[in-house]
Amino acid sequence: MADSEGSSVDRRGFLKELATGAAAAATPAVMHAQEHDHQDVPSDLTLRAKALESLLVEKGLVDPAALDALVDTMENKVGPRNGARVVARAWVDPAYKKRLLENAPAAIAELGYTSGQGEHMVVVENGPNVHNLIVCTLCSCYPWPVLGLPPVWYKSAPYRSRAVIDPRGILREFGTELADDVEVRVWDSTAELRYIVLPERPAGTEDMTEEKLAALITRDAMVGVARVTLPPSGGNA
Amino acid sequence: MNGVHDMGGQQGMGPVRYEKNAPVFHERWEGRVFALDRSTRALRKWNLDAWRHTIELLPPVDYLRMSYYERWLVTLETRVVKYGLVTQEEMETGKAAPGSTRATPALTLETSSRWLNRGIASSQDPGVPPLFAVGQRVRARNINPMGHTRLPRYARGKNGVVARDHGVYVFPDTNAHFQGEKRQHVYSVQFSARELWGESASPRDSVYLDMWDNYLERV
C-alpha cells in the first residue's frame, strides 16, 4: 500500500520532469524531482521515516539526540571546506604534500579531520600531463572527512555508468577540456580506499595566502571533474 | 550478483544533472534516515557488506526509480526485521510489542562520534601475505556469483597491472553473507582503457580498480 503511494509520487515527479522539457537541464536529477515538490501534506517518505524513527526510539534502539548529532555532523562539520584546507596546505608546504601522498589519513588527521569513511584515504595528484577522476560505479563511496556526503550527481546512474567508459565526455560536460596527450586516470572505488584528487595549483596564485588558496578549491576539483581556476576578475587580475 | 547497481560502462543513462549549491540533505527525512541507518549499523547486527547487498537486492526497476535515501529507508525497513531488531508485527503497528526486548543499548550522543570514526571494517594485518606483487601482470577473474561481490562486470576477464598494494582488508563476497572475513590483500590494479573498452578508447587512459587477492589470477 505504502509502496503504491510512493510510486505515484515518483511518477508524478517523473512526468513533471518530462514536461519541463528544455528546462530539465537546470533541474535536479529525475529521480529526485519528487523531493522538490512543495507539498501541503507530509510525503509518504516523510511519514515512513518518522514511523521507523519513533518505533526504534520507543524500543530504545536509537537515541534522538544521537540522531541530531549525526545529522549536524554531516551538515555542518564535514564538507569540502575540509578538503580545500588539505589541498591548500599541500600547495604551500612541500613536506606536507609529501606526507599527504604517502599516508593521506595521517596527513589529513594532522588538520583534525578524522571522521568515518576516511580510514583509508588515498590522494592522487594531477599534473600537466595527468588528470585523475574519482567514481564509485557500484554504489557511492566517497571520502567523507574531507568532502562530506557526496552530491546527488555523483551517486547518479549517468555519472556512475559513464565515468569509466567515457571520462573525457564526462569532463567535457563539466567544462573541463583535456588535450589528447593528457593521461586520464579514473579511480573506481570498489574497496574501502577513498580517493581524493590533489588538483593543480593555478598560475597566478603565487602570492596568495593558504587561506585565499583554500577559498579557490572546489569539491568538483577534488573529485576531478573540474580544475581549480581563478575567479573571473572584475577587470584587474 | 550481476545487478543493476553494477553500472560501470552502461549506456543510455543520459547526461549528468548538476545542481548548484545543493544542500547536504534535500529534505529533513533524508537526514533522519541517514542517522537512523548509521545508528542501527552501530548495533552490529549486520556489517557494511551485508548492508550494501540488501540495496543490491532491490528489484532493478525500484533501484532505478528510487532516490538515493529512499533506497536507504526501504532497505533499512527490511533490515531491522531481517536481523531481528524489530518484528514484522511491530513494523505494521508502529508500536513496540509489550515485553519486547529492549536490551540492546541505544547509540547515544557520546558513542555516536566514536562509531562515526570506525565506519569501515578492514585492517592492516601483517600476518596475511600478498599473493601478487606491484608491477605484476594479472587478470581479473571471470566470476558471476549470485551473492555480493565488488568485482564489477566491466573488469572481469580483463588484464591489468598491480599498481599499489593497500594492505589487508575483509573480503566482501564472504563477509556480506556472514561466511567469514577471509582477510586478504587489496591492490589498485591499472587496466588500460583499450583493454576495457576496445580500440575506440584513448590509448593514454586507464581505470584503476581496487581488487582483492581472490578477484585476481596470474597471466
Response to the item:
Each residue of B:20-27 has, on average, a number of other protein chain C-beta atoms within 10 Å of its C-beta equal to 5
Fill in: Rounded if a/c under 1.5, otherwise prolate or oblate - the range A:78-223, Cα gyration tensor axes
oblate
Practice prompt. Could I have the simple spin-label model distance between B:Lys82 and B:Arg156, label points 7 Å from Cα toward Cβ, reported in nm to one decimal?
Written response: 2.1
Discussion item. Can you give me the long-range amide H partners of A:Val122? Hydrogens built in the peptide plane at 1.01 Å from N, cutoff under 5 Å, separation of 5 or more residues or another chain.
Written reply: A:Arg194, A:Tyr195, A:Ile196
Response to the item:
FRET efficiency (A:Ala179, A:Thr229; Cβ distance; R0 25 Å; to 0.05) is 0.90
Fill in: Mean separation of Cα contacts under 8 Å (6+ apart) over length of the range A:78-223, as relative contact order %
35
Worksheet entry | Order of A:Leu230, B:Leu58, B:Leu209, A:Leu178 - criterion: other Cβ atoms within 10 Å of each residue's Cβ, fewest first | A:Leu230, A:Leu178, B:Leu58, B:Leu209
Worksheet item: Hey, what do the phi angles of the range B:130-138 turn into as Karplus ³J(HN,Hα) couplings, whole Hz, using 6.51/-1.76/1.60 and θ = phi - 60°, x for Gly and Pro?
Response: x, 8, 9, 10, 4, x, 6, 7, 9
Worksheet item: By count of other Cβ within 10 Å, fewest leading, how are A:Trp187, B:Trp72, B:Trp51 ordered?
Response: B:Trp51, B:Trp72, A:Trp187
Practice prompt. Taking amide H positions as placed in the peptide plane 1.01 Å from N, state which residues far from A:Gly148 in sequence (5 or more) or on other chains have amide H under 5 Å from it.
Written response: A:Gly79
Worksheet item: Going by how many other beta carbons lie within 10 Å of each one, how would you line up B:Asp49, A:Asp188, fewest first?
Response: B:Asp49, A:Asp188
Response to the item:
Here the FRET efficiency for B:Ile143 versus A:Glu206, based on Cβ atoms and R0 = 45 Å and rounded to 0.05, is 0.30
Discussion item. Contact order normalised by length for the range B:137-218, with contacts defined as Cα pairs under 8 Å and 6 or more residues apart; what percent is it?
Written reply: 31
Item to complete: Take the alpha carbon atoms of the range A:172-205, find their center, do the same for the range A:75-150, and report the distance between the two centers in whole angstrom.
Response: 13
Worksheet entry | Computed over chain B: relative contact order in percent, which uses C-alpha pairs under 8 Å that are six or more apart | 20
Fill in: Inter-chain Cβ neighbour average for residues A:215-222, partner chain, 10 Å
0
Worksheet item: Once the Cβ-Cβ distance between B:Asp62 and B:Asn21 is put in as r, and R0 is 35 Å, what FRET efficiency do you end up with, to the nearest 0.05?
Response: 0.75
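Any read-out appearing in this document is the output of simple, stated calculations on the displayed coordinates, not a laboratory observation. Small disclaimer: the values here were computed from a predicted structure and weren't measured. Please note: Cβ atoms are built from the backbone with ideal geometry, for glycine as well, and neighbour counts cover all protein chains shown.
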